[in-house]
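The values are calculated or read from the model by the stated rules, or taken from the named source; none is laboratory data. Since we're looking at a predicted model, the values are computed, not measured. Cβ: placed from backbone, ideal geometry, glycine included. Neighbour counts: every protein chain shown.
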Amino acid sequence: MFAVMKTGGKQYKVQSGDTLRVEKLAADAGETVQFNEILMLGGDKPVVGSPLVDGAAVQAEVVDQIKGKKVINFVKRRRKHSSKRTVGHRQQLTLLRVTDILASDADKSGVKAAIGAGSVSGAAVAAAAPKKAAPKKEAAPKADAAPKAEKKAEAPKAAAGADDLKQLSGVGPALEKKLHEAGITTFAQIAAWTEADVEEFGEKLSFKGRIEREGWIEQAKELASK
């Protein structure tokens, strides 16, 4: 019976008792390892995996950790500024002796799986796994927001029964507002102004002489009589 197994990116056809060299494994001499990637089992009834044969495995004893033959890599560039480089390499290998071929129940054998020396261990994977974010602490209740600034005091509204002073010549909303602030809200009040009042309000409202020019008193008397 033979098996075609896969390890280190290569495929090997093996039988019990065979000795072979594979890419370095993370195991010491004398240990027994098990290869679980079995592509085919040969014999009286060959079994071809799709892609692997379920339950099949190859067990082998680690004989030694060795190095392959030295390989020389020489590079030379024939240019104006020529250069050359020589690099030597010896591949690290594991020498194995196949002890058994299992057609089924490989997962119950209890033999540790063969792992490449360059593979990342399970512990390393667990250590590198992103840690779960700690639950966020509940935000402390915010202090009551400072009371909003009070709205600017609105301009004093005309009292009930106040006249529309904008009917006077030259009086607009701004000037009417000034008159209201000065306590003048009706035509009757303006109609009753004396010369002293005209001079006083002329100074207060900064339009001295305008009251006479526009004829407010006469207009106020006429509007008040309606």
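List of remarks:
- Test: residue in region 173-182 that is at pLDDT below 65 and surrounded by fewer than 12 Cβ atoms within 10 Å (Cβ to Cβ): no
- Every residue from region 72-104 that is closer than 30 Å to V33 by Cβ, under 48 Å from the mean Cα position of the chain (by Cα) and among the aliphatic types (A, V, I, L, M): L93
- Hits in region 37-61 (condition: in a strand (DSSP E or B) and over 48 Å from the mean Cα position of the chain (by Cα)): L41, G42, V47, A60, E61
- Those residues of region 188-200 which are under 18 Å from R213 (Cβ atoms) and surrounded by 13 or more Cβ atoms within 10 Å (Cβ to Cβ), in sequence order: I190, A191, W193, D197, V198, E199, E200
- Subset of region 57-90 (residues that are out of contact with any helix residue (DSSP H, G or I) (no Cβ under 6 Å at 6 or more places or on another chain) and in contact (Cβ under 8 Å) with a residue 40 or more places away in the chain): V58, Q59, A60, V63, Q65, I66, G68
- The residues of region 6-21 that are surrounded by 18 or more Cβ atoms within 10 Å (Cβ to Cβ) and under 44 Å from the mean Cα position of the chain (by Cα) amount to a single one, T7.
- Remark: pairs (first residue in region 31-51, in contact (Cβ under 8 Å) with a residue 24 or more places away in the chain; second residue among the polar types (S, T, N, Q) and part of a loop (DSSP other than H, G, I, E, B); Cβ separation under 9 Å; 6+ apart in sequence or on different chains) = Q34/S109.
- Total residues in region 28-53, condition in contact with a Ser or Thr (Cβ under 8 Å, 6 or more places away or on another chain) and within 18 Å of G68 (Cβ to Cβ): 0
Residue-by-condition table, conditions (1) part of a strand (DSSP E or B); (2) touching a Phe, Trp or Tyr at 6+ places or on another chain (Cβ under 9 Å); (3) under 19 Å from A117 (Cβ atoms):
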residue	(1), (2), (3)
G17	no, no, no
L20	yes, yes, yes
V63	yes, no, yes
V87	yes, yes, no
D100	yes, no, no
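- Within region 22-55, the residues that satisfy the criterion of being surrounded by 14 or more Cβ atoms within 10 Å (Cβ to Cβ) and of a type in the set (S, T, N, Q) are T32, Q34, N36.
Yes/no per residue for (1) among the hydrophobic types (A, V, I, L, M, F, W, C); (2) at pLDDT 90 or above:
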{"residue": "V33", "(1), (2)": "yes, yes"}
{"residue": "V53", "(1), (2)": "yes, yes"}
{"residue": "Q91", "(1), (2)": "no, yes"}
{"residue": "A123", "(1), (2)": "yes, no"}
{"residue": "K137", "(1), (2)": "no, no"}
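- All positions within region 1-46 that are acidic (D, E) and under 18 Å from L95 (Cα atoms): D18, E23, D28, E31
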